[in-house]
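These notes are about the structure you will find just below.
The values are calculated or read from the model by the stated rules, or taken from the named source; none is laboratory data. Just so you know, these numbers come straight off a predicted model, no measurement behind them. Neighbour counts run over all protein chains shown; Cβ positions are idealised from the backbone, glycine included.
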Amino acid sequence: MFIPMLIFGLICAPILGCLLAGVDRKITARMQGRVGPSILQPYYDFRKLLGKDTGHTNRTESVYIFMYLLFVVIATVLFFLGGNFLLVVFVLTLGVLFFILAAYAPGSPYASIGANREILAVMAYEPMVLLVAAGLYLATGTFDVVAMTQASKPAIIMLPLLFLGFIYVLTIKLRKSPFDLSMSHHAHQELVRGMTTEMNGQTLAMVELAHWYESILYLGWVALFVIWKGWVGLIVALLVAALVYFLEILVDNNFARMKWQFALKSSWWLALILGLLNLGVILLLGLAL
Amino acid sequence: MSLIAFLVLFPLLAAALLLVLRDDKARSVVTYVSAALIAFAAILLAVTYLGAGVTYFNLPSDAADEAVSIIALLVDIALAVYIIAKSAKYRKWLPLVLALIQAPLVAVFELTKAGSIPVDFGFYIDNLSIIMALIIGIIGSGICVYAVGYMRDHAAHLKEGEKDRRPVFFALMFTFLSAMFLLVFANNLMWMFTAWEITTVCSFALIGYTRTEEAINNSFRQIWMNLIGGLAFAAAIVLIGMQQSVLELDKVINLGIGGGIMLLPIACLGLAACTKAAQSPFHSWLLGAMVAPTPTSALLHSSTMVKAGVFLLIKLAPCLGFNAPGIMIMIVGGFTFLMCSCMAISQSNAKRVLAYSTIANLGLITACAGVGTPAAIWAAIFLLIFHACAKSLLFLCVGTAEHHIGSRNIEDMDYLFERMPNLARFMLLGILVMFIAPFGMLVSKWAAFTSFIESGNLLLILFLAFGSAATFFFWAKWMGKLVTCCGNKQVIEGSIHKPEWVSIGLMAALASLCSVLFPIISKGVVVPYIGYVLASHSTGFYAQAIAAISADNLWLVAILALFTAVVMLGLPKAGSNDELDVYLAGANVDNDGRLFKNSFGQPMAYTQRNWYLEGFFGEARLDKPTVAISLAVFVFGIFAAMLIGGGF
């Protein structure tokens, strides 16, 4: 399974991510009563960016962005190869850090504010992500993704609360409204686009590409809650992942942006309460699959 | 034995020499040569004894033993007299009272009981003391080298009429190293206690070095907090000596595993270690210590003082776990990690951020030691190693930056990437090593997290999950300040002294090397240590069970760490003329100055300040509850140890 999964993580994931972005835009348009662009529009945009001259406000920005892309790709590949879940989380965090540095580097007001808010977003979702990792370990007895997929029962039976909490912070991770604090993909949300304000051409193309990888990786995490051994488990997991993404689109289009205070407070309280309850019950009752 | 003697005595000789030398040139030569010799001896010791398991040593004769004990007692009394004299002079009664209780306690015990207790081995060397010796010998003496250049600048800034007290400063630094070596090799608890008290008094003198009012107040806060620890240490020795007639560290640990009557002395030793490791409620002494010149902070934070505390905790770890002292220590450690990580967010003073991060990381080590499983001890040792490398690097960078930009405030580090290009890259590397994978600190944190989950400790899982998130916030925003570029800034790092560069380079090399050689250090040094420490107490541990992270993953992160370090140090120069202007809402006036036309038509500079989230994480909001809760945990823990142990 090594070679097929390597190919999946490296090549299929961004293609699926690109299509997902297209579907996202289409569904969003329909929800807003528009026809919307072609499903392949993200790909056309990407091609166009690649063809443009790339300008820089400084020379370090594109290095950071390259590192961002690289670590996101490594995290995605590691995940689909069935590696250690915590390692995937940490490598991804490193990638996001480089994205943040890229936004700080130009010394631009709009990009810096975006970067500040992105750090805040990371701080908001990180506890929940780590608690999810702890929960998955307690439910399946392992951190290895490949072993988690071979469980006899889906982990969500043990982790219903953490699953809900994870979907909540997923909105922050995907930078969707109401938590699109650092940059938004909605044209109506802001005049100047936060973190990527100073990026263009190939640099911006790399950001888009990394974002496709990220979306698929996160949906992989969602699927991990639901999957169990065998084909049925896999199909159910994929369906649930698709459903969760649809839910994200629905939320994205129905909420205006919240303040950062709300993002931080709500996600920390949720992580504390849901984590304490869910993990506490597992540990107290000595449950395990 | 001769190597131990050299490591303990030679720094004392260097200290004596530096105390009498007034000439700057001679001082630098003596410092460089001594530092090199100490580092060399530490490495030689490591090469000789690594892989030998535990080696015990004794002094050549009983008479020598007795002589050393008498010297140790005399030193104890001299230190007490010094503290009492100083406290009386500045009218600080608390340290005076504490010293007055402690000194007679130790003296009476030594003169009446201790002589009749047989001591088989006075000294030992094992892998943990080798790791400590390397940290003290290489990082500690590296900081002394750095101090030569730094203190030259410092002396140049003295006000008129102020005395240049550099001889005292350097003598104290080397005495500190000597005491640390004694502390990590001594098996005789009385000698270890003497070393323990020397480090307390040395750091007291170093913190008060500048003799400003703030420095003196902070040094007294340090001494009373650490005297409480010293008193707890002395009480533990007396209890063990009276009840068990034992005076050796290895035997105490063996007895401690049985629990029972030993719970109380173990809890006392744990309390002593926590005061030294600046755990809440005693964390404020380390925050106050930053008034001292930067080399002092670097020394206290990375290789000495606080490391003595966590060293003792890691030693005690086999006796901890789910018993009264173990639970007390793991909760205090985990709680300190969480609260200090949060409070670091609200700080703009770079040294204070570093201090909070030190306390937080020591908290994590403390928590791991409290859990006491093989995987947790493994994580604790690596946290200790990486913290020593990365924190010394960061302190040295901040100290040098302070002398060149005239401020230690992070807000004044705008555009440091261009103003001090090399220094900023080193600082960035240091920060990365401190908090993010694939570097050692985070990998160790990963191991700690795994061990907490495996031991099913929900409270520690929560502490770590939230604390890590806070850690990300304050480091990332600092990095943001550093990486900001703005074209054509003047480079101002030409005047940095050579010894400063040498030490900074050394620390950066150590930090990256340890990250890259992680798997080898694990297999060759740490796993064997845990193997033989625990093998004698319990049945069947395997190497895989000891290392919390599999070898494959360790190699993977090692490769990523090497790659990232190379990229960070090799970042391109920022400025050039063919670049684009940043977006200033279309009202740009001058890109290099980041000037835009404001609503009055005037040019105005854009500036940016970091987020401090005072309302969420301010000291005013968090500090008091932190102190209250951890104090309660200590009181409760000690009482529980007393009642369950049944010693009374």
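Key figures
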quantity	calculated
Selection within the stretch B:22-46 - under 21 Å from B:VAL502 (Cβ atoms) and buried (at least 17 other Cβ atoms within 10 Å of the Cβ)	B:ARG27, B:SER28, B:VAL30, B:THR31, B:SER34, B:ALA35, B:LEU37, B:ILE38, B:ALA39, B:ALA41, B:ALA42
Among residues of the stretch A:118-137, those that are over 16 Å from A:TRP268 (Cβ atoms) and more than 7 Å from chain B (Cβ to nearest Cβ), counted	4
Failed item, numbered, when A:LYS259 is tested on (1) more than 30 Å from A:ASP24 (Cβ to Cβ); (2) within 14 Å of chain B (Cβ to nearest Cβ)	(1)
Search result, residues across the stretch A:44-61 that are within 11 Å of chain B (Cβ to nearest Cβ) and assigned to a loop (DSSP other than H, G, I, E, B)	A:ASP53, A:THR54, A:GLY55, A:HIS56, A:THR57, A:ASN58, A:ARG59, A:THR60
Hey, B:PHE417 within 12 Å of chain A (Cβ to nearest Cβ), touching a residue at least 60 places away in the same chain (Cβ under 8 Å), out of contact with any strand residue (DSSP E or B) (no Cβ under 9 Å at 6 or more places or on another chain) and among the aromatic types (Phe, Trp, Tyr) or not	yes
Tally of residues being over 28 Å from B:ALA437 (Cα atoms) and touching a helix residue (DSSP H, G or I) at 6+ places or on another chain (Cβ under 6 Å) across the stretch B:497-515	2
Unmet criterion (only one of (1) touching a helix residue (DSSP H, G or I) at 6+ places or on another chain (Cβ under 7 Å); (2) part of a helix (DSSP H, G or I)) for A:MET199	(2)
Hey, A:LEU276 out of contact with any Phe, Trp or Tyr (no Cβ under 9 Å at 6 or more places or on another chain), assigned to a helix (DSSP H, G or I), within 12 Å of chain B (Cβ to nearest Cβ) and of a type in the set (A, V, I, L, M, F, W, C) or not	yes
Identity of the residue in the stretch B:113-137, in a loop (DSSP other than H, G, I, E, B) and not basic (Lys, Arg), that ends up farthest from B:LEU73 (Cα to Cα)	B:ASP126
Options B:SER341, B:SER348, B:SER392; residue that is hydroxyl-bearing (Ser, Thr, Tyr) and surrounded by fewer than 24 Cβ atoms within 10 Å (Cβ to Cβ)	B:SER348
The stretch B:455-486: number of residues that are more than 28 Å from B:LEU569 (Cβ to Cβ) and more than 8 Å from chain A (Cβ to nearest Cβ)	6
Test: residue in the stretch A:31-49 that is over 26 Å from A:GLY201 (Cβ atoms) and in contact (Cβ under 8 Å) with a residue 12 or more places away in the chain	yes
Qualifying residue in the stretch A:138-156 (condition: within 9 Å of chain B (Cβ to nearest Cβ), part of a helix (DSSP H, G or I) and closer than 27 Å to B:ILE549 by Cα)	yes
Pair list, Cβ under 7 Å, 6 or more apart: the stretch B:532-557 residue more than 28 Å from A:LEU87 (Cβ to Cβ), other residue at pLDDT 70 or above	B:TYR532/B:GLY53; B:TYR532/B:VAL54; B:HIS537/B:ILE257; B:HIS537/B:PRO318
Selection count where residues are within 18 Å of A:ALA271 (Cα to Cα) and of a type in the set (Lys, Arg), scope the stretch B:437-469	0
Selection from the stretch B:451-461 of residues that are in contact (Cβ under 8 Å) with a residue 60 or more places away in the chain and touching a Leu at 6+ places or on another chain (Cβ under 7 Å)	B:PHE452
Residue within the stretch B:432-441 that is in contact with an Asp or Glu (Cβ under 6 Å, 6 or more places away or on another chain) and either within 12 Å of chain A (Cβ to nearest Cβ) or in contact (Cβ under 8 Å) with a residue 60 or more places away in the chain (or both) present	no
Subset tally (residues that are among the small types (Gly, Ala, Ser) and under 30 Å from B:VAL527 (Cα atoms)) for the stretch B:126-170	6
Filter result for B:ALA26 (under 24 Å from the mean Cα position of the chain (by Cα) and of a type outside the set (Phe, Trp, Tyr))	no
Helices (runs of 4 or more DSSP H) lying entirely in the stretch B:141-219 (those with 1 or more residues that are charged (D, E, K, R) and surrounded by fewer than 23 Cβ atoms within 10 Å (Cβ to Cβ))	B:141-156, B:166-185
Residue identified as within 30 Å of B:LEU338 (Cα to Cα) and touching a Phe, Trp or Tyr at 6+ places or on another chain (Cβ under 6 Å) among A:ALA205, A:ALA263	A:ALA263
Unmet criterion (only one of (1) modelled with pLDDT of 95 or more; (2) surrounded by 20 or more Cβ atoms within 10 Å (Cβ to Cβ); (3) among the β-branched types (Val, Ile, Thr)) for A:ILE282	(1)
Filter pass, A:LEU204 being within 14 Å of chain B (Cβ to nearest Cβ), under 17 Å from the mean Cα position of the chain (by Cα) and not polar (S, T, N, Q)	no
Residues (over 13 Å from A:ALA271 (Cβ atoms) and either of a type in the set (Ser, Thr, Tyr) or in contact with a strand residue (DSSP E or B) (Cβ under 7 Å, 6 or more places away or on another chain) (or both)) located in the stretch A:152-196	A:SER152, A:THR171, A:SER177, A:SER182, A:SER184, A:THR196
Filtered residues of the stretch B:86-104 (kept if touching a helix residue (DSSP H, G or I) at 6+ places or on another chain (Cβ under 7 Å), crowded, with 19+ Cβ neighbours inside 10 Å and under 18 Å from B:GLU213 (Cβ atoms))	B:SER87, B:LYS92, B:PRO95
Which listed residue is over 24 Å from B:ILE345 (Cα atoms) and either free of Cβ contacts under 8 Å to residues at least 12 places away in the same chain or buried (at least 24 other Cβ atoms within 10 Å of the Cβ) (or both), from A:LEU136, A:LEU97, A:LEU131, A:LEU164	A:LEU136
Test: B:GLY494 is more than 9 Å from chain A (Cβ to nearest Cβ) and part of a loop (DSSP other than H, G, I, E, B)	yes
Residues located in the stretch A:65-85, provided they are more than 11 Å from every other protein chain (Cβ to nearest Cβ), touching a Phe, Trp or Tyr at 6+ places or on another chain (Cβ under 6 Å) and under 14 Å from A:ILE100 (Cα atoms)	A:TYR68, A:VAL72
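Yes or no, residue by residue, for (1) away from chain B (no Cβ under 14 Å); (2) not in a helix (DSSP H, G or I):
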position	(1), (2)
A:GLY33	yes, yes
A:VAL63	no, no
A:LEU101	no, no
A:GLY107	no, yes
A:GLY114	no, no
